[in-house]
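The values are calculated or read from the model by the stated rules, or taken from the named source; none is laboratory data. Since this is a predicted model, take the numbers as computed values, not measurements. Counting neighbours? That spans all protein chains shown, and the Cβs are built from the backbone with ideal geometry, glycine included.
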Amino acid sequence: MSGSTFGELFRVTNFGESHGPAIGCVIDGCPPGLALNEADIQHELDRRRPGTSRHVTQRNEPDAVEILSGVYEGQTTGTPIALLIRNTDQRSRDYGNILDTFRPGHADYTYWRKYGLRDPRGGGRSSARLTAPTVAAGAVARKWLLQQHGTTFTGWMSALGEIEIPFESEAEIPNNPFYAPSAGIVPQLEAYMDSLRKAGDSCGARIEVRARGVPVGLGEPLFDKLDADIAYAMMGLNAVKGVEIGDGFASVAARGSVFGDELLPEGFAANRAGGVLGGISTGQDLVVRIAIKPTSSIRTPRRSIDRQGQPAVVETFGRHDPCVGIRATPIAEALLALVVMDHALRHRAQCGDVRLAQPAIAAQAAQAAQATPPDGG
């Protein structure tokens with residue numbers, strides 16, 4: 001199956017299936033000399049891990065990562081880094097009733113039509129289980145970017161179904177299973193998820209993720225623009241149906257006299273562009289939002305067909321997230337880190353010798369991580 005490798009200079013190849021013996025990835029292009037061990041990666045995997053609350057799938061996977069290559073005496077060697085995560089809690093029998101039918105909204109039908117066969121166990125290759133290796137690779141990128149450029153990544157849930165989540169404090173994000181930046185709204189979110197589970201239904205979510213301390217100049221003209229690659233990466237995440245950079249779709253109703261981020265001697269007046277101009281990073285926060293559709297695997301009976309094209313009714317019995325967006329925040333952070341990492345290496349390769357006098361606006365942009373408020377303004 002093609003389409004399993006992401007990146008140009010920092011290349012990540014993802015492998016495995018939801019109910020196979022293991023999943024993992026191979027990272028090719030990581031610079032040598034980075035101090036790296038399993039603990040650096042495990043922290044991020046634990047944030048994404050299933051079974052951490054009653055609001056997500058109860059599949060109990062430890063997601064313990066093993067580094068198989070590319071690290072010697074605690075440092076990366078510049079050779080491929082192989083990361084392995086063993087599957088330990090598969091329940092393939094839960095999918096016996098969909099061997100010959102297709103779950104509406106899922107990849108079952110398209111995989112079958114494309115390849116002539118499919119692995120129905122947990123969705124096989126189309127399962128969100130395969131986001132774990134992405135998070136693992138993102139952890140490596142995050143550590144290098146933090147050390148080299150001071151770049152950090154933070155994400156949160158800004159909407160759960162029809163519930164808008166106000167931004168109050170980043171300090172609240174790790175304190176609840178929703179990655180919500182508001183403590184007061186958590187009881188409402190919990191009640192909403194409990195009602196969905198009882199009804200056998202699901203909902204979507206909106207996730208916002210930011211990169212701070214991004215170097216100026218990342219991205220390339222036309223087809224390799226930084227924001228284009230960000231959108232490409234985010235659309236590769238299961239269930240994502242929309243991506244916006246900066247003010248995104250709000251720009252439709254805006255006026256040019258207001259929307260364009262004015263440049264002042266002391267810095268940018270705003271960040272409506274989301275940290276990218278002409279496909280190249282400004283040094284301000286990268287601001288990305290993704291829309292995640294409702295989980296397709298639900299208990300509610302749905303109309304479908306079988307492989308002979310005859311009418312069928314499908315009810316999914318596996319362990320699933322009523323909202324896949326609940327665990328999506330660490331994945332979106334990882335994907336953004338992979339894009340920034342790849343472009344940082346590409347920029348270093350082509351433009352590492354470029355030297356310009358630092359105007360005040362460039363100095364301000366380099367400090368954007370400390371100054372930009374949550375609304376980007």
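Taking the listed residues ASP224, ASP201, the one that is of a type in the set (Asp, Glu) and more than 23 Å from the chain's Cα centre (by Cα) is ASP201, with no other qualifying. Residues in segment 195-213 that are farther than 30 Å from MET341 by Cβ and in contact (Cβ under 8 Å) with a residue 60 or more places away in the chain: LEU196, ARG197, ALA199, GLY200, ASP201, SER202, CYS203.
Scan segment 172-208 for residues that are closer than 30 Å to THR300 by Cβ and part of a helix (DSSP H, G or I) and the total you get is 14.
If the condition is being crowded, with 18+ Cβ neighbours inside 10 Å, in contact with a helix residue (DSSP H, G or I) (Cβ under 8 Å, 6 or more places away or on another chain), closer than 30 Å to GLY213 by Cα and not β-branched (Val, Ile, Thr), then segment 272-323 contributes ARG272, GLY274, GLY275, SER281, GLY283, GLN284, ASP285, LEU286, ARG289. VAL216 falls short on exactly one of the conditions (1) of a type in the set (A, V, I, L, M, F, W, C); (2) at pLDDT 95 or above; (3) more than 19 Å from ALA337 (Cα to Cα), and that condition is (3). Note on segment 17-32: residues that are over 13 Å from GLY70 (Cβ atoms) and either assigned to a loop (DSSP other than H, G, I, E, B) or free of Cβ contacts under 8 Å to residues at least 24 places away in the same chain (or both) amount to 5. Out of everything in segment 1-25 that is crowded, with 21+ Cβ neighbours inside 10 Å and among the β-branched types (Val, Ile, Thr), what residue ends up being nearest to SER126 (Cα to Cα)? Checking each candidate, the answer is ILE23.
Among the candidates ALA233, ALA211, the residue that is under 18 Å from ARG142 (Cα atoms) and in a strand (DSSP E or B) is uniquely ALA211. I'm checking my understanding of the structure. Among residues of segment 53-79 that are in contact with an Asp or Glu (Cβ under 8 Å, 6 or more places away or on another chain), crowded, with 16+ Cβ neighbours inside 10 Å and not aliphatic (A, V, I, L, M), which one is modelled with the highest pLDDT? Top of the filtered list is ASP63. Kindly indicate whether ARG125 is assigned to a helix (DSSP H, G or I) and farther than 20 Å from MET341 by Cβ. So ARG125 fits the description; yes.
Can you name every residue in segment 162-191 that is surrounded by fewer than 22 Cβ atoms within 10 Å (Cβ to Cβ), within 14 Å of ALA328 (Cβ to Cβ) and modelled with pLDDT of 95 or more?
Result: ILE173, single match.
Residues of segment 236-268 that are surrounded by fewer than 12 Cβ atoms within 10 Å (Cβ to Cβ) and in a helix (DSSP H, G or I): PHE249, ALA250, VAL252, ALA253, GLY256, SER257, VAL258.
Among the residues of segment 214-223, how many are assigned to a helix (DSSP H, G or I) and either free of Cβ contacts under 8 Å to residues at least 12 places away in the same chain or within 20 Å of LEU145 (Cα to Cα) (or both)? Selection size over segment 214-223: 1.
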